[in-house]
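First the structure, in the form of structure tokens, and then the observations on it.
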Amino acid sequence: MTMLTRWDPFRELSVLQDRMNRLFQDFAPRATGEEGLTAGNFVPPVDIYEDEHNITLKVEVPGLDPKDVDVRLEGNTLTIKGERKFEKKEGSAGYERLERFEGSFQRQFVLPDNVKADEIKARHNNGVLEVAIPKQAQALPRRINVDVN
């Protein structure tokens, strides 16, 4: 005996939504309440500018001591790493809420072959690390005349 059931066009969408929700829960832990403010890594944002003479990186590292930042060039890979540490508050009164991230970070950038590695300079000003990477002057193409016999 065959039984008829009423077709619900939204039932399949509901099943699909449940599957998608389970998928995202497996890959991204649920951040609820206070957990959402403390979970995560400190990854400073970087702006990169390039003109005909320089490549400039500006890295936002507010509250970071310049001596806690390491900038190095290995081959053609520029690595910027550092660590942000919180000041410990002594006494019985502690923090009620922490929204700033702490921890170590590392950012790597592959540079083109036409940079002057010996002339790279980094400076820290008002919470922004600026790395200036000068480029070598490129030889301009020149026209070669073809002689006619």
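The values are calculated or read from the model by the stated rules, or taken from the named source; none is laboratory data. Owing to the predicted nature of the structure, the values given are computational and were not obtained by experimental measurement. So basically every Cβ, Gly included, is an ideal-geometry build from the backbone, and we count neighbours across all protein chains shown.
Mind listing just one residue for me: the one in the range 44-60 that is farther than 20 Å from Asn126 by Cβ and in a loop (DSSP other than H, G, I, E, B) and, of those, modelled with the lowest pLDDT?
Once the filter is applied, the top-ranked residue is Glu52.
Anything in the range 44-87 that is among the β-branched types (Val, Ile, Thr) and in contact (Cβ under 8 Å) with a residue 60 or more places away in the chain? List them, or say none.
Correct list: Val46, Ile48, Ile55, Thr56, Val59, Val61, Val69, Val71.
Does Val110 count as surrounded by 11 or more Cβ atoms within 10 Å (Cβ to Cβ) and modelled with pLDDT of 90 or more?
Taking the combined requirement at face value, the residue does not satisfy it.
For the range 54-87, give me the residue count where each residue is surrounded by fewer than 16 Cβ atoms within 10 Å (Cβ to Cβ) and under 12 Å from Phe42 (Cα atoms).
So the count comes out to 5.
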